[in-house]
Each structure stands twice: as C-alpha cells, then as structure tokens.
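**Q** Sending over a structure as structure tokens; questions will come in a sec.
Read the figures in this text as sums done on the coordinates, not as results from a lab. Just so it is clear, the model here is predicted, and its values are computed rather than measured. A quick note on method: Cβ atoms are made from the backbone with ideal geometry, for glycine too, and the neighbour counts reach across all protein chains shown.
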Amino acid sequence: MIKFEQVGLRYGIGPEVLSDVNFSLSPGSFHFLCGPSGAGKSSLMSLLFLGRRPTRGCIHAFGKNTSLLDRVELSKLRQNIGVIFQDFRLLPHLSVFDNVALPLRIKGSPEKKIREHVEELLHWVGLGDYLNRLPQTLSGGQQQRIAIARAVISNPKLLLADEPTGNLDDEIGMKLMGLFEQLNKLGTTIVIATHSLKILDSLPHPRLILENGHLSVFDPVTGQLAQAREDENFRYDADAQPSIEAHGMLGPQGDQGPNAPDSVRAPRDLLEAI
Ligand SMILES: Nc1ncnc2c1ncn2[C@@H]1O[C@H](COP(=O)(O)OP(=O)(O)OP(=O)(O)O)[C@@H](O)[C@H]1O
Ligand SMILES: [Mg+2]
C-alpha cells in the first residue's frame, strides 16, 4: 500500500531529519511509530500523508510512484488517508460539526447521511453537545477528539495518528485505541505515533522506531529488531511480519476484511461493534 525506498528529508538547508528510510505498509497492517522527541515521527507522518515530498528517495503509495504525480493527483490520493495531526489542524472558522463533515462533503456524500454520521460519531466521542461550537472554544482534549472524528468519518484506507491520545485521560485514550483496533479489524491500515508505554505495551503490533532520523523495526512478539540503518540492503516488508491474526487479535473476519463493502465499514456499524 505504501513503500518507502531510501527516503531522506531535510528542511531547507538544515541537516537531514530522516535518512535512508526503507519500509512498507501492507493493507490491513497496524504499526506503532515511536522514538524520542525530535526523532522525526511527525516528519515521517507528513511524508506518509503525502503532505510533503521527500528530498531524496522514493515513496510509492496506492500503486503509484508519488514523485511522478502533480499536486492535484497527490490531493486525490490523499482522499484515501485520514490523519490526526499532533497539532490537530482544525479549521478555526468552521464549527465542530462542519470540521468533521468536511471529508464527507469533499467526497460528495448526501447531506442527510452526513448529518446522521457526523452527529453519531461526535456523540460517541463525547462531543454531542458541542456541534455548533468553534474548535478554539474547546479544550485540548476535546479538540483532539474532533480531529479523531474528522480522520475516521470517511473510512479511510490508511489512518495516520500522531500522538492521538496525548491530551486525553486514560479512560478515553483506551476507548479510542479500541476504535483504532476495530477500524483495523475492518480493514483500515493504521500507523500511530505514540510516546505512551501503556499503549505500546497493551498491543503487540510491530513498532517503527526512529532514532536520529534512522528507522528500525521492532517486533514485540518475536523480540527481534531489524536494524535498517546498518544494512544497506535491508527492506522492511510488513507482509513478512507476523499477522495480527497470528497475534490472536482478530475474531472471525466474515465479510469484514479489507474488501468489505462500504456499508459494513460505515461509522454506525463501527460504533455498534465497540
Ligand atoms: N517545518 C520544519 N522546519 C524546520 N525543521 C523542522 C520542521 N519540522 C520539524 N523540524 C525539525 O525536524 C526534526 C524532527 O522533528 P519532528 O517534529 O518530526 O520530531 P518528532 O519525533 O515528531 O518530535 P515530537 O515527539 O516532539 O513530536 C526536529 O529537529 C525539528 O526541529
Ligand atoms: Mg511529533
């Protein structure tokens, strides 16, 4: 679904903040992205979101070499991606409702369906009484929940979450991790950047570890660390990692796999499943 080859990123004339990054995400995979502050997690997220081009190397996304795409083609590809930015990036002049409705409006969904789904999701994240408020009149944790709702409302193929529980208390943080798990079971590919040891220890997903801009991959099930930085020929392939089924995280898939019809993956079905 996504493949990074020898990717490097620098800002302006500064040093490289990401160097020789090689990995791929297969459809339906779930990865954590970790590393100390300043290691490049948000920078890697911005590349995964196709919001920034690498300064060297190549990113393939959804079957396309992104270096060959223009801005319009990139923005089309981005419609497959839901993102929760570390700094939320809510639109300040739009209400809570309109912020969350935005991805559905861009897709051209009927307004009646939009109202139903947005209201339901905002109730679920505990913001049912704040539909008409402007985001900046709400707390950090409330704004984070708006950003989460906006990212998941349109059932993206790839969900990127940069410290999505950083401003939330433990209870709602774990509830949201349950939402991400459920989305993953329904076929969404997920990458979550987190510092939280509690979250990392609670789920056995492979970890992309950034340190000084170099990426390694740690599999908590086998305890193996693949040192991408020391092996020039290393190519991390998520397909080769133990599957989530092997971790015993999945129940019977039925028709809820990656190719499930949209109706199965609608927020309503999702919330009922949790
Ligand atoms: N827009 C930018 N312009 C210049 N330098 C930047 C920019 N964004 C990030 N950097 C630099 O890139 C490096 C990596 O930053 P990044 O925000 O990706 O780290 P991070 O791992 O997400 O950190 P944190 O855990 O604190 O969120 C840092 O040295 C930072 O100063
Ligand atoms: Mg960051």
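**Q** Fewest first, what order do Ile84, Ile190 take by the number of other Cβ atoms within 10 Å?
**A** Details: Ile84 27, Ile190 21.
Lowest to highest Cβ neighbour count: Ile190, Ile84.
**Q** May I pose another question? Give me log10 I(q)/I(0) at q = 0.16 Å⁻¹ for the stretch 90-151, Debye formula, one equal scatterer per alpha-carbon, no solvent.
**A** -0.42
**Q** Follow-up. Can you tell me the order of 63-71, 30-38, 123-131, 98-106 when each peptide is scored by its average per-residue count of other Cβ atoms within 10 angstrom, highest first? Each step should come with its number before you reach the end.
**A** Numbers: 63-71: 11.3, 30-38: 17.9, 123-131: 15.7, 98-106: 19.4.
Top to bottom by mean Cβ count within 10 Å: 98-106, 30-38, 123-131, 63-71.
**Q** If we count other beta carbons within 10 Å of each Cβ, what is the order of Thr194, Thr222, fewest first?
**A** Placing the least packed residue first, the sequence is Thr222, Thr194.
**Q** Would you order Val217, Val21, Val72 from fewest to most other beta-carbon atoms within 10 Å of each residue's own beta-carbon?
**A** Values: Val217 21, Val21 26, Val72 7.
Ascending Cβ contact count within 10 Å gives the list Val72, Val217, Val21.
**Q** For Ser95 and Arg133 in the same chain, what is the full-extension length gain: residue separation times 0.36 nm, less their Cα-Cα distance, in nm? Provide the component values of the computation, followed by the final result.
**A** Numbers: separation 38, 0.36 × 38 = 13.68 nm, distance 0.53 nm.
Contour length minus the Cα-Cα distance gives 13.1 nm.
**Q** What lysines sit close enough to Lys107 to cross-link, taking a C-alpha to C-alpha distance under 26 Å and skipping anything fewer than 8 places away on the same chain?
**A** Those lysines meeting the cut-off are Lys3, Lys64, Lys76, Lys157, Lys185.
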